[in-house]
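One structure below.
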Amino acid sequence: MTISVALVDDEAMVRVGLRMVLSGEPDIEVVGEASDGLEALDLVARTRPDVVLIDVRMPRMDGLAAARRLVREHPDSKVVVLTTFDEDEHVAAALRAGVSGFLLKVAPPEHLVDAVRTVAAGGGLLDPAVTLRVIAAFAGQPDQGSGPDRAAELASLTSRETDVLRLLAQGLTNTQIAARLYLGEATVKTHLSRVLMKLGLTSRVQAVVFAYESGLVRPGDTAGGGDDSGVSRTP
């Protein structure tokens, strides 16, 4: 099946570069472009793309505001935020909003293609070059959803579901989680689906955010066995 993609960035040259990379793939089709958040809302409503690649800083309506509306109004269109190293606070907010992930604008072309395919398949995507900085940026800040409510939500998980959530937040892939816990990958996916349902989350990326904000995992915790591909996925 062909993956349809919408490009949203106020810089025309950036859109040209993204289109060139993606259009060279036989299973990906760029169905439209927008130069700000308002245009993005109209574009997505008309084209219903599988994936939306959206910049943060844009005129009229920025990418973060647009991403919030897209996640809410068009849940079938998966949103990936394009970011730079100086936008950690924006990315943390985007992850809380329920986007499917974020990617550095300077990421190699193969990572961009991989990101589109991963998100279209229902996975989440975190670029490891900024993941730890983003986590550190928001995990240390007071959050109105933390405290007893978060503890009660964590208590609703079984011990195995908690283990899976912890390892997911520490950067392990489904395959690595399965190996660590001596489970099949299908079983890991089932546990993750139950975690999302019980916690009322819309994506696995949000599950990572929840794990850090709840204190289940803290910046600096590692589980080892990182993904060598250059992109941390949560399929």
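Here are some notes:
- A search for C-beta distances below 7 Å between a residue of the stretch 162-182 that is farther than 19 Å from LEU199 by Cβ and in contact (Cβ under 8 Å) with a residue 60 or more places away in the chain and any residue that is among the basic types (Lys, Arg) and not in a helix (DSSP H, G or I), counting only pairs 6+ apart in sequence or on different chains, returns THR173/ARG233.
- Residue within the stretch 101-110 that is touching an Asp or Glu at 6+ places or on another chain (Cβ under 6 Å), surrounded by fewer than 23 Cβ atoms within 10 Å (Cβ to Cβ) and not aromatic (Phe, Trp, Tyr) present: yes
- LEU165 surrounded by 18 or more Cβ atoms within 10 Å (Cβ to Cβ), touching a Phe, Trp or Tyr at 6+ places or on another chain (Cβ under 9 Å), modelled with pLDDT of 80 or more and outside any loop (DSSP other than H, G, I, E, B): yes
- Among (1) over 13 Å from VAL208 (Cβ atoms); (2) modelled with pLDDT of 70 or more; (3) surrounded by fewer than 19 Cβ atoms within 10 Å (Cβ to Cβ) - the single one THR118 does not satisfy: (3)
- Filtering THR158, THR175 for residues that are more than 21 Å from SER100 (Cβ to Cβ), among the β-branched types (Val, Ile, Thr), open to solvent by 30 Å² or more (accessible area, probe 1.4 Å) and at pLDDT 75 or above leaves a single hit, THR158.
- Evaluating LEU43 against the criteria (1) modelled with pLDDT under 95; (2) farther than 16 Å from VAL205 by Cβ leaves one unmet condition, (1).
- Candidates VAL5, VAL56, VAL71, filtered to the one that is free of Cβ contacts under 8 Å to residues at least 60 places away in the same chain and within 22 Å of GLY124 (Cα to Cα): VAL56
- Of all residues making up the stretch 76-106, the number that are part of a loop (DSSP other than H, G, I, E, B), modelled with pLDDT of 75 or more and either closer than 19 Å to ASP10 by Cβ or of a type in the set (Phe, Trp, Tyr) (or both): 3
- For the criterion of being open to solvent by less than 20 Å² (accessible area, probe 1.4 Å) and at pLDDT 80 or above, VAL188 passes.
- Condition met for VAL21 (in contact with a Pro (Cβ under 9 Å, 6 or more places away or on another chain) and assigned to a helix (DSSP H, G or I)): yes
The values are calculated or read from the model by the stated rules, or taken from the named source; none is laboratory data. This is a predicted model, so every value here is computed, not measured. Note that we place each Cβ from the backbone using ideal geometry, even for glycine, and neighbour counts take in every protein chain shown. Only protein heavy atoms, including side chains, enter the accessible area calculation; ligands, DNA and RNA are left aside. Shrake-Rupley method; radii C 1.70, N 1.55, O 1.52, S 1.80 Å.
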